[in-house]
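One structure follows; several queries about it will come next.
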Amino acid sequence: MDADNGRVLLVDDSATIRAVVGQHLITAGYDTSTAACGTDALAWLGAEHADAILLDVNLPDMSGLEVCRRIKCDPRTYHIPVIVLTSLDDTESELAAIDAGADDFVTKPPNPRVLAARLRMHIKRSLREQCSNALSGLPGNMLIEQEVSDRFASGEPFCLAYADLDDFKAYNATTSAISAATP
């Protein structure tokens, strides 16, 4: 079993949820770590890397929403997708999670296939956002290299063209200055 889909931190005070959902994630190909409380989750994130976080709202030491706010306020972790995984199934709870910065909201018990698909979607989106060129919005080197690698691995024929624009840096500087001056 490989963990090519990414690394997920599962934060839930229930040992049963951590075991069951954690096993589903491992089966789906995710490298999975767990934490039983907000303090442990934040400490783990201070030392380790996660591609996504599954976060319960009801934790023993602090609200999962507070954990989410702290994650989204930290420049080292704000980009990590946070999916609230909770037994709370009402509009106000969902809105509170979104207001705290959550990227998604899933009620317990989650459908394992849907949860894995949501994680995949959020991790891919996060990678695209992190690896896109800030000025042009086009895919950056890392995404291009991954696509070429995937194409080679597929064994299917494909074409690749490479173009370089002279003095593009000057164009970007001019465009950025005009954008900054435009109200």
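The values are calculated or read from the model by the stated rules, or taken from the named source; none is laboratory data. None of these values were measured; they are calculated from a predicted model. Here the Cβ positions follow ideal geometry from the backbone for every residue, glycine too, while neighbour counts run over all protein chains shown.
Return the total of residues in the range 19-32 being crowded, with 18+ Cβ neighbours inside 10 Å and among the polar types (S, T, N, Q).
Residues that pass the stated criteria total 1.
Right, next: When the range 21-39 is examined, which residues are found to be touching a residue at least 24 places away in the same chain (Cβ under 8 Å) and part of a helix (DSSP H, G or I)? So that I can check it myself, show each step before the final result.
Of the residues in the range 21-39, the ones touching a residue at least 24 places away in the same chain (Cβ under 8 Å) are 21, 24-38.
V21, H24, L25, I26, T27, G38, listed by residue number.
The rows are residues; the columns are (1) closer than 20 Å to N58 by Cβ; (2) of a type in the set (A, V, I, L, M); (3) assigned by TED's automatic domain parsing to the domain that holds V84.
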position: S14; (1), (2), (3): yes, no, yes
position: T32; (1), (2), (3): no, no, yes
position: D40; (1), (2), (3): yes, no, yes
position: A43; (1), (2), (3): yes, yes, yes
position: G46; (1), (2), (3): no, no, yes
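Which residue out of R120, R69 is touching a residue at least 40 places away in the same chain (Cβ under 8 Å) and part of a helix (DSSP H, G or I)?
Working: R69 fails: touching a residue at least 40 places away in the same chain (Cβ under 8 Å).
Unique residue meeting the criteria: R120.
Here's another thing I want to ask about it. Given the conditions (1) within 18 Å of A97 (Cα to Cα); (2) at pLDDT 95 or above, report the number of the one that C73 does not fulfil.
The failed condition is (2).
Right, here's the next one. Would you check if there is a residue in the range 50-65 being part of a helix (DSSP H, G or I) and at negative phi? Lay out the reasoning, then the answer.
Applying the first criterion (part of a helix (DSSP H, G or I)) to the range 50-65 yields 64-65.
Next cut, at negative phi only: 64-65.
Yes; the residues of the range 50-65 include at least one that is part of a helix (DSSP H, G or I) and at negative phi.
If only one of V8, V20 is of a type in the set (A, V, I, L, M, F, W, C) and within 14 Å of V82 (Cα to Cα), which one is it?
After applying the criteria, what remains is V8.
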